[in-house]
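Visitor: Attaching a single structure in structure tokens format; questions to follow.
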2 protein chains.
Amino acid sequence: MQRIRLTLEGRKDSSYDLLIGRGILSSLHREIQRLGSFSFYGLVTDEVVRPLVAEPLLEELKSYGIKTALFTLPAGEATKTMDTVVDLCHELTTLSFDRKSLLIAVGGGVIGDITGFAAAIYMRGIRYIQVPTTLLAQVDSAIGGKTGVDLPSGKNLLGAFHQPLLVLADPDVLGTLPPDAMRDGFAEIIKSALIGQPKLFSILEMEGANLLNADNPMLENIIADACSVKCRVVSQDELEAGLRRILNFGHTLGHALEAASNYKISHGHAVAAGMGAAVQFSRQWAGLTSDEADRALSLIRKLGLPTELPADVDVNSLLVALERDKKIQAGICHFVLISKIGQAIIHPISVEDLRQSLTQIQGFRDSGIQGFQ
Amino acid sequence: MQRIRLTLEGRKDSSYDLLIGRGILSSLHREIQRLGSFSFYGLVTDEVVRPLVAEPLLEELKSYGIKTALFTLPAGEATKTMDTVVDLCHELTTLSFDRKSLLIAVGGGVIGDITGFAAAIYMRGIRYIQVPTTLLAQVDSAIGGKTGVDLPSGKNLLGAFHQPLLVLADPDVLGTLPPDAMRDGFAEIIKSALIGQPKLFSILEMEGANLLNADNPMLENIIADACSVKCRVVSQDELEAGLRRILNFGHTLGHALEAASNYKISHGHAVAAGMGAAVQFSRQWAGLTSDEADRALSLIRKLGLPTELPADVDVNSLLVALERDKKIQAGICHFVLISKIGQAIIHPISVEDLRQSLTQIQGFRDSGIQGFQ
């Protein structure tokens, strides 16, 4: 088991632990008791995770005297609305939940975001714990306190920075994930390696596709390594005033791609394609060597992820999505690039350079020229 | 003009100024420019305040080059719902408001609470300014960063602590307030004097009912004095972990009374009646002298406010409301009392003592015995 402390600069009282380990879920009751006493306990999950993880966990908590109410939401991104949060909070009031209550989010990113946001605003803030059950949530969304819901006009437009009391990531729960969901998680793990941990990159290179097997004994350390990159960044810039933006490596184009595809492309796959382009940009503008660029692209592909923008997405629609996402200001887009594996920088790219480079990337792909890849 | 700095312990970067003065509204443009540059400006108000204050202000901002979008909400507590906040935020997205936008709340407590909460959660937090236009908002709700909306099951159940960048209180806007609204404001001003400022209490005693005239030249200083009490408390306990509770003097029973009356009694009038009872409790349990108790009750009455619980509210329904409001725990209710004018203490009262004392208060009133008053 690995314990990583996320220390928030200037807010020691809001610092918290990430516990990563196989079977760690069975110590949730002990961890809760360590955190103090609460008046009411509520576990929030979705229909898919409920029978697999939430119900056994609930029984276990009960056997240790922690009586926990269960709130089950529909699975999927469509649940991530303010109506869901309001309904959940209304249910909390009918069960007399007060300021000293504790919520436990058991699920993927959607459940974590909803539960965290409900905890942020219920009675102006109650405490909560993250128990992420997807690889993506374990290495990314459950860490760092970003919570929120979507508006019809865009994703995560309403939300709060609200840090959990604890994050408990158990690789044992990943066994039931479909392969594409594992790949989604690895997009973020590769990102962490590329922006901040060359050692992790080497391990990923060595293991390759073996990692998609949830039983792989290396997985626990890999999750912990990816988490530690995120913790290091968040600890220095909780509210995303500067440094935290490097976590957006691959995400600038990734988000544009998700939006342009009307969210038919999954987050991880979009980020992977976005990283593919960002690696090309890094070679072009940030001094990344061709050798390292090739290694990065090769690793992304080894994990079964795309490094290219889909053929049916044209450059213009990407630029429009970037514009709408406020990523282009005064004709400039600030991209996260890497100068070498493990070293992120922020680099301004003009819209014209961007258009040219993206067109070139698309052109190379369409022409089937191997060298580019 | 008076400038009061609200310095938040351990969060100097979130500290801000309260400016109180006649005609101060005309310097809003200058204050905004001092605060930095923003990408978009939005003014939120209600139908009643719009023609009186918001539109002239908007014109003035425009004349100084600050182009500001106007958002008008229906007036009244019924507007204070999450739907209103979501609709407002949705409108912000359609106008391309981003993280660097500024909202300006121009109105009473409802507008301030809604705008502050929208600012707290829009894109995980944008900046806002409070321009309170009721006396109650100027001396209380606009200060301290408590924002929120109601649920069907209770008031202010969803919300956030989100401090404004600036509070601008102009007594000149109070001229159009109905007398009862002025009295509501004075309930909080008297509270501030009783819990923290004997000097203010003496001034209020001397001026008495003259203060209900919005042209009274003393008003500016009185507002500033009341604000400084609240600032002193909030600066030490932003998140209401302890000290901030003393601001609830008169509010424990006041809230119960509002709830028991189904919100037919206004906040200020309910708080006044709650203070009336709390003064009696203070004489009984906190060593408040009969002389000071009489002076306190007399001042509340001078301002045209009640010191007694309404005849049609029975003691049991108050206790039920306290229970529902989580104010009674393990048979004990923690009351804010005063040991002398200007000195608040927290005192535990058992439900039985509370019932007995309230029944006695009601009985005295019903029997018409003057001595009690």
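Every read-out reported here was derived from the displayed coordinates using simple, explicitly stated rules and does not represent laboratory data. Small disclaimer: the values here were computed from a predicted structure and weren't measured. Heads up, the Cβs are rebuilt from the backbone with ideal geometry, glycines too, and the neighbour counts pull from every protein chain shown.
Visitor: Normalise the Debye intensity by I(0) for the protein assembly as shown, one equal point scatterer per Cα, no solvent, then take log10 at q = 0.09, 0.11 Å⁻¹ and round to two decimals.
Guide: -0.87, -1.17
Visitor: So the label point sits 7 Å from Cα along the Cα-to-Cβ vector; using that for residue B:239, what distances do you get to the other copies, in nanometres, sorted shortest first?
Guide: Here the equivalent label points are 1.4 nm apart from this one.
Visitor: Quick check for me: using +1 on Lys/Arg Cβ and -1 on Asp/Glu Cβ, what's the dipole size of the protein assembly as shown about its Cα centre, in debye to the nearest 20?
Guide: Once rounded to the nearest 20, the dipole reads 1540 debye.
Visitor: Any idea what the relative contact order of the range A:2-176 is, in percent, if you count C-alpha pairs under 8 Å spaced at least 6 apart?
Guide: The normalised contact order for the range A:2-176 reaches 25 percent.
Visitor: Report Rg/Rh for the range B:281-322, rounded to two decimals, where Rg is the Cα radius of gyration and Rh the Kirkwood radius.
Guide: Numbers: Rg = 12.8 Å, Rh = 12.0 Å.
Using only Cα positions, Rg/Rh for the range B:281-322 is 1.07.
Visitor: For residue B:295 and residue B:1, what is the calculated FRET efficiency with R₀ set at 25 Å and r taken between the beta-carbons, to the nearest 0.05? Before the final figure, lay out each step's value.
Guide: Working: r = 31 Å, r/R0 = 1.26.
About 0.20, to the nearest 0.05.
Visitor: Still on this structure, please answer the following. Give me a single rounded figure for A:77-89: the average over its residues of other chain Cβ atoms within 10 Å of their Cβ.
Guide: On the way: counts 0, 0, 0, 0, 1, 8, 3, 0, 3, 9, 0, 0, 5.
Whole-number average of other-chain Cβ neighbours for A:77-89 is 2.
Visitor: With a bin width of 20 angstrom, please list the P(r) values of chain B as percents of all Cα-Cα pairs, from the 0 bin to the one holding the largest distance.
Guide: Per 20 Å bin, starting at zero, the Cα-Cα P(r) for chain B comes out as 30, 57, 13, 0 percent.
Visitor: A follow-up question, please. For chain B, what is the calculated [θ] at 222 nm in deg cm²/dmol (nearest 500), taking -39500 (n - 2.57) for each run of four or more DSSP H residues and dividing by its residue count?
Guide: Theoretical 222 nm ellipticity from helices: -13500 deg cm²/dmol.
Visitor: Next question, about the same structure. At residue A:178, label 7 Å along Cα→Cβ: distances to the other copies, nm, ascending?
Guide: Ordered by distance, the counterparts are at 5.9 nm.
Visitor: Okay, next question. For peptide B:326-337, how many partner chain Cβ atoms fall within 10 Å of a residue's Cβ, on average?
Guide: Working: counts 6, 0, 0, 2, 0, 0, 0, 0, 0, 0, 0, 0.
The mean count of partner-chain Cβ atoms within 10 Å per residue comes to 1.
Visitor: Using alpha-carbon positions, what is the distance between the centroids of the range B:276-345 and the range A:50-94, in Å?
Guide: Using only Cα atoms, the two centres lie 40 Å from each other.
Visitor: Apply the membrane-span-like helix rule to chain A: whole DSSP H runs, Cα extent along the own long axis of at least 15 Å, mean Kyte-Doolittle hydropathy at least 0.5. List the helices found.
Guide: Long hydrophobic helices here: A:109-121, A:219-236.
Visitor: Within the range A:1-128, what percent of beta bridges assigned by DSSP are antiparallel, to the nearest 5?
Guide: 30
Visitor: For the pair residue A:360/residue A:216, report the inter-label distance in nm, with labels modelled 7 Å from Cα in the Cβ direction.
Guide: Going by the 7 Å Cα→Cβ label model, 3.3 nm.
Visitor: Which of the pairs B:62/B:100; A:67/B:326; A:264/A:327; B:155/B:326; A:12/B:326 have their Cα atoms more than 23 Å apart in this structure?
Guide: Check vs 23 Å cut-off fails for A:12/B:326.
Visitor: Right, next: Give me the percent relative contact order of the range A:186-284, please, defined on Cα pairs under 8 angstrom at least 6 residues apart.
Guide: Relative CO of the range A:186-284 lands at 27 percent.
Visitor: Compare the peptides A:64-72, B:225-233 by average per-residue count of other Cβ atoms within 10 angstrom and give them in order, highest first. Walk me through the intermediate numbers first.
Guide: Working: A:64-72: 15.2, B:225-233: 22.8.
Ranking the peptides A:64-72, B:225-233 by packing returns B:225-233, A:64-72.
Visitor: Provide an ascending nm list, one decimal, of label-point separations from residue B:51 to the equivalent residue in each further copy; define each label point as 7 Å from Cα along Cα→Cβ.
Guide: 6.3
Visitor: Run the quick spin-label model on residue A:64 and residue B:77: label points 7 Å from Cα toward the beta carbon, then report their separation in nm to one decimal.
Guide: Label-label distance for residue A:64 and residue B:77, simple model: 4.3 nm.
Visitor: Next up: Using the Kirkwood radius over C-alpha pairs as Rh, can you work out the diffusion coefficient of the range A:2-176 via Stokes-Einstein at 37 °C, viscosity 0.692 mPa s, in µm² per second?
Guide: 207
Visitor: Please list the three semi-axes, largest first and in whole Å, of the ellipsoid equivalent to the range A:54-132, using sqrt of 5 times the eigenvalues of its alpha carbon gyration tensor.
Guide: 19, 16, 11
Visitor: Let me ask another. Compute the distance in nm between two label points, each set 7 Å from the Cα along the Cα-to-Cβ direction, one at residue A:317 and one at residue B:353.
Guide: Computed distance between label sites residue A:317 and residue B:353 equals 7.2 nm.
Visitor: Counting pairs of alpha carbon atoms under 8 Å apart in space and at least six apart in sequence, what relative contact order in percent does the range A:179-362 give?
Guide: 27
Visitor: Using θ = phi - 60° and the Karplus form 6.51 cos²θ - 1.76 cosθ + 1.60, what ³J(HN,Hα) does each residue of the range B:123-140 get, whole Hz, x for Gly and Pro?
Guide: Ordered by residue, 3J(HN,Hα) equals 6, 6, x, 10, 8, 8, 10, 9, 10, x, 10, 10, 4, 4, 5, 5, 9, 9 Hz.
Visitor: What Kirkwood hydrodynamic radius do you get for the range A:179-362 when you take the inverse of the mean 1/r over all pairs of distinct Cα atoms, in Å?
Guide: Roughly 16.4 Å, rounded to one decimal.
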